[in-house]
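Read through the structure below, which is laid out as structure tokens, and then see the notes.
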């Protein structure tokens with residue numbers, strides 16, 4: 001069963017009657033499916049349309065055209081059923097009440113979903129333990145670190161036991177240990193056959209936990225596939241990493257047939273990307289110039305992203 005299905009989804013802003021030229025197209029004919037139990041990554045620069053898509057699936061925004069269904073329910077005509085089937089985590093301070101404790105926050109949200117009595121208490125305790133906040137459950141949220149707030153957001157997104165989770169930058173502000181624990185949690189949710197739509201700028205995170213990823217730019221879906229499969233889109237290019245390349249040699253490499261980019265990647269390292277058929281010529285030039293510390297490989301998801309989208313608003317954590 002498809003957990004999420006979007007067909008020719010369009011969303012425009014502004015451009016009221018007689019002002020079509022002033023309208024902004026946030027989504028432009030998006031087609032997307034997410035299977036049951038799939039972790040699907042959505043990557044794109046700032047303003048690409050990621051959050052707009054998430055808000056339509058969460059019934060916060062109406063589509064201008066096209067259709068979207070979650071767990072078989074239409075997001076427009078069956079929004080009530082959709083809301084009961086999803087959990088949404090948009091992050092930041094939105095949706096959290098600083099003067100309440102972590103436990104009180106979850107109790108409030110659980111009550112809104114109709115939980116009460118022993119069922120409410122059991123659910124809240126289980127979620128606090130699951131996200132590692134049980135020992136801090138009596139503290140006011142206004143004193144939490146950003147990473148702790150993100151973990152509480154995750155618990156809030158699970159409070160209604162949803163089949164589909166929409167996570168917008170869920171590890172933003174988390175320290176490495178908390179981010180690792182989050183990835184473990186995602187694996188547990190996948191095992192439970194929950195479906196997850198994850199927006200992120202972290203390429204390593206997308207490659208580590210996503211079954212498939214979609215690259216979106218300027219409201220259009222560029223490509224969807226498994227991280228390794230998308231890498232094949234630029235398999236005609238070979239990546240060559242070299243140590244000890246002089247500025248003069250970098251300039252000569254830039255003018256070599258088949259070389260598409262030459263850039264320093266930190267310290268004394270240089271990365272050359274060349275068309276597959278021209279690799280031997282590049283390697284011969286490097287070796288003839290005395291460069292012997294070499295390594296070749298295929299493009300990573302990050303490099304595919306930069307080839308297809310560019311660096312508009314892009315942030316790649318290091």
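Kindly indicate whether any position in region 61-72 is in a helix (DSSP H, G or I), closer than 30 Å to residue 27 by Cα and under 21 Å from the mean Cα position of the chain (by Cα). So that I can check it myself, show each step before the final result.
From region 61-72, those in a helix (DSSP H, G or I) are none; that's our starting set.
Looking through region 61-72, none of the residues is in a helix (DSSP H, G or I), closer than 30 Å to residue 27 by Cα and under 21 Å from the mean Cα position of the chain (by Cα).
Any residue at all in region 193-202 that's modelled with pLDDT under 85, in contact with a strand residue (DSSP E or B) (Cβ under 8 Å, 6 or more places away or on another chain) and assigned by TED's automatic domain parsing to the domain that holds residue 43? Spell out how you get there, then give the answer.
Within region 193-202, the subset modelled with pLDDT under 85 is 200-202.
Among the residues that remain, those that are also in contact with a strand residue (DSSP E or B) (Cβ under 8 Å, 6 or more places away or on another chain) are: 200-201.
Still in the running and assigned by TED's automatic domain parsing to the domain that holds residue 43: 200-201.
Yes, because at least one residue in region 193-202 is modelled with pLDDT under 85, in contact with a strand residue (DSSP E or B) (Cβ under 8 Å, 6 or more places away or on another chain) and assigned by TED's automatic domain parsing to the domain that holds residue 43.
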(message) residue 110 - would you say it is touching a residue at least 12 places away in the same chain (Cβ under 8 Å), farther than 29 Å from residue 7 by Cβ and buried (at least 20 other Cβ atoms within 10 Å of the Cβ)?
(response) yes
(request) Return yes when residue 139 is more than 19 Å from the chain's Cα centre (by Cα), surrounded by 19 or more Cβ atoms within 10 Å (Cβ to Cβ), more than 30 Å from residue 226 (Cβ to Cβ) and modelled with pLDDT of 95 or more and no when it is not. (result) no
(message) Checking the condition in the same structural domain as residue 103 (by TED's automatic domain parsing), buried (at least 22 other Cβ atoms within 10 Å of the Cβ), in contact with a helix residue (DSSP H, G or I) (Cβ under 9 Å, 6 or more places away or on another chain) and within 25 Å of residue 120 (Cβ to Cβ), which residue from 155, 160 passes?
(response) 155
(message) Can you confirm whether residue 244 is on the phi > 0 side of the Ramachandran plot, in contact with a helix residue (DSSP H, G or I) (Cβ under 9 Å, 6 or more places away or on another chain) and touching a residue at least 24 places away in the same chain (Cβ under 8 Å)?
(response) no
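The values are calculated or read from the model by the stated rules, or taken from the named source; none is laboratory data. Computed from a prediction, not measured in an experiment: that's the story for all the values here. Reconstructed Cβ throughout: ideal geometry from the backbone, glycine too, with neighbour counts over all protein chains shown.
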